[in-house]
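Everything below concerns the one structure shown next.
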Amino acid sequence: MSDKFEQIRDEVIILLPRLRRFAYSLTSDRNIGDDLTQAAIERALSRAHQWDENKQIDLWIFKIAKNLWLDQLRAQKVRGPTVDIGSVADMLDDGSQAEVETKLFVDEVRNKMEDLPDQQRIVLSLVAIEGYSYKEVAEILEIPVGTVMSRLSRARVALVAALEGS
Amino acid sequence: MEITDQLLNAYIDGELDERDREEIKRRIDEDEALHIRVNELRSINETLAKAYPLENNIPERFLAAVENASSVSSDVLPFRNKQTKEKSSTRQWFPAAIAASITLVIGAVIGNSVTMQGKQQGEESLLTSSIDSSSALYEVLEKVPSASSREIVLSDNSTISLRPVLSFKNVNGGYCREFDIHSDQNIIIGIACRKSDSAWGLELAVSSAVIPQNPNSFQPASGYDQDAINVVIDNLMVNGPIEKDEEHMLIGHAWK
């Protein structure tokens with residue numbers, strides 16, 4: 001078993017919570033997000049030999065997740081609305097008004113996030129949630145830094161406006 | 001310099017060089033409207049962190065995917081070796097994630113597997129909190145090495161397969177075993193600990209339905225079910241799983 005494989009495997013285990021969060025932020029659905037995460041880790045492990053050791057592993061794995069997601073988007077151009085059963089169940093569980101309001105708010109945030117153009121949402125997710133630099137995002141998305149910068153700005157501005165309006 | 005939203009965003013994200021950063025900072029201090037705008041934009045990070053919290057309970061399916069990719073093909077499916085358990089220190093498990101599956105499942109186990117087994121043996125139950133010493137499960141826990149299966153044919157000609165997964169010493173100095181039971185309909189994963197009076201007591205059992213498309217391959221329990229098992233094991237176990245040789249000796253000496 002190659003060293004590369006083992007390095008990737010160790011990194012995958014460490015990255016799992018973040019990969020799931022990233023996938024959820026892209027797909028707006030926990031189950032679809034988890035399927036994406038699983039596909040990404042399987043692909044990363046099966047293509048370990050393709051990883052260039054001079055590149056950051058996490059960026060490479062995020063790039064794989066991004067490519068799978070874009071494939072998915074292409075495959076299903078028409079997406080129906082998804083209902084996140086988890087969040088509905090969460091809401092029924094709890095009594096307190098404040099908690100319910102918080103849940104309504106985060107659901108609203110996720111809805112607005114889903115409304116963003118795909119290419120803006122992914123940039124915002126990588127910068128604002130995952131904390132990657134513009135340069136790192138440029139590497140993951142294979143686009144120029146300037147494009148990252150403008151998409152990020154449009155995304156954040158749009159989200160502020162959307163949340164204000166709601 | 002014209003202060004655009006793009007510049008403000010780059011400022012928030014720490015992407016400006018020092019000169020631009022100082023300049024923007026100065027302008028924000030002077031201009032109340034800019035100050036408000038920056039705070040609005042910055043608040044998005046916090047908002048998104050709330051909407052997409054990092055969840056540290058990782059469903060077992062992902063770890064299984066990692067492990068399956070790494071292992072050379074093997075008949076022994078969920079057998080967890082020592083390396084795997086050591087890795088579990090990198091995971092965190094939250095009780096909240098497991099409560100539902102536990103309640104759901106104890107009932108399911110007693111309802112299904114138990115009656116199945118009861119029919120054959122003419123007894124009321126296989127799995128009670130103390131496992132009947134005449135039951136197949138007791139025999140398996142007592143005698144069968146981890147990762148070996150024992151098949152039982154029921155009166156309706158269906159078979160169930162019982163298998164110890166691993167053995168470990170518990171915090172009270174006794175011995176426990178994780179096991180699984182496969183039938184056509186469901187998979188039960190459980191933990192039993194041996195009591196001082198030779199009885200095996202059931203600590204936890206989790207059942208999940210078999211997905212029919214793949215009758216020949218092992219279908220892992222849903223992530224949360226396996227999480228439940230892992231939480232219990234992690235809380236009970238000291239010093240990791242028992243090695244093969246030691247387990248062999250314990251089986252030979254009736255777990256004394």
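Of the residues that sit in region B:37-68 and are out of contact with any Gly (no Cβ under 7 Å at 6 or more places or on another chain), touching a residue at least 60 places away in the same chain (Cβ under 8 Å) and not in a helix (DSSP H, G or I), which one is surrounded by the most Cβ atoms within 10 Å (Cβ to Cβ)?
B:ILE58
Residues are listed down the side, and each one gets a yes or a no for (1) modelled with pLDDT of 80 or more; (2) farther than 19 Å from B:ASN68 by Cα:
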| residue | (1), (2) |
| --- | --- |
| B:PHE179 | yes, yes |
| B:GLU203 | no, yes |
| B:ALA209 | no, yes |
| B:PRO212 | no, yes |
| B:PHE218 | no, no |
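Filter region B:41-86 down to the residues that are of a type in the set (Gly, Ala, Ser) and at pLDDT below 50, then identify the one that is nearest to A:GLU42 (Cα to Cα).
B:SER71
Counting just the residues of region A:1-52 that are under 19 Å from the mean Cα position of the chain (by Cα) and outside any helix (DSSP H, G or I), which one comes out nearest to the other protein chains (Cβ to nearest Cβ)?
Among residues in region A:1-52 that are under 19 Å from the mean Cα position of the chain (by Cα) and outside any helix (DSSP H, G or I), the one nearest to the other protein chains (Cβ to nearest Cβ) is A:SER28.
Does A:LEU152 satisfy the condition of being within 11 Å of chain B (Cβ to nearest Cβ), aliphatic (A, V, I, L, M) and crowded, with 19+ Cβ neighbours inside 10 Å?
yes
Go through region A:120-136 and give me each residue that's facing chain B (nearest Cβ under 10 Å) and either of a type in the set (Asp, Glu) or crowded, with 19+ Cβ neighbours inside 10 Å (or both).
Selection gives A:LEU124, A:SER125, A:VAL127, A:ALA128, A:ILE129, A:GLU130, A:TYR132, A:TYR134.
The values are calculated or read from the model by the stated rules, or taken from the named source; none is laboratory data. Remember, it's a predicted structure, so these values are computed and weren't measured experimentally. Using ideal geometry, Cβ is built from the backbone for each residue, glycine included, and neighbour counts are taken over all protein chains shown.
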